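Structure first, then comments.
What follows draws every value from the coordinates through simple rules; no lab data is involved. Every value quoted in this text rests on a predicted model; they were computed, and no experiment measured them. FYI the Cβ positions are ideal-geometry reconstructions off the backbone, even for glycines, and counts take in every protein chain you see.
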Amino acid sequence: MFWAGRRVSVFDWKDNKTLPQETHSVRVADACLAENGKRLVTLGHDGVLRIKETVSGKLIEEVRLLSDAQLKEDQPWGAHRRGTASVSTSDDADRLLVDCGAGTASIFDFEGIHKGEFQVLRVLHRSEAPIFAQDGRFVFTFDKKSISVIAVGAIGNRQVFACNGPFLGIAIDDERGIIATGHTGGGVACWTLGETGTLKENWWHLPSERT
């Protein structure tokens, strides 16, 4: 799968052919495949989310996630125009996480589309670079000096943990419940994720020599 400008293309390696293209009215911000490649999920920079059958190109659902006010050039949440928007599914493909890059992310019940229902499970405010963990049970969000762990099924359940310096990247091992975070200056921290969403920092490493 690849995209450029307003178009998303999916290449079928088995049959050596390009499947029907998905075209948005504006530039595509992000895209992902779900349900073992059966569904194509795309997000435009205008906040329009589309779900289609990958092979046939049939539209299953279309939702607009940004208001007219949020799309105005003079609004501070115009960050979604700079490529920070993203879409992703949980490992079990039951949930869809959509970040429009406007400081707000939405979690959808992906399974509901088979019943003609596309429900919002939760809206996350003050959320930067959200990412699923533990099969969609938790969502991590980040700011300059902290990590927030949000339990998807518990309204208002948001735990905040301080970290050492601005956050750069993350790697998650769901099987072992281990999270590694990278920070400016070359620092790396290793965390353990508890069953209730608690984070415990196991160690912190800062290189003595920077190259």
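When Lys and Arg each count +1 and Asp and Glu each count -1, what net charge do the other residues less than 13 Å away from residue 24, Cβ to Cβ, add up to? Around residue 24, the surrounding residues sum to +2.
With R₀ set to 30 Å, the beta-carbon distance separating residue 184 from residue 14 gives a calculated FRET efficiency near 0.10.
If R0 equals 35 Å, the separation of the Cβ atoms of residue 64 and residue 200 corresponds to a calculated FRET efficiency of about 0.30.
The mean sequence separation of alpha-carbon pairs under 8 Å and at least six residues apart, normalised by the residue count of region 153-200, gives a relative contact order of 27 percent. A Förster radius of 22 Å combined with the Cβ-Cβ distance from residue 135 to residue 176 puts the calculated FRET efficiency at roughly 0.95.
In plain terms, the chain from residue 109 to residue 126 could stretch by 4.0 nm, reckoned as 0.36 nm per residue minus the Cα-Cα distance.
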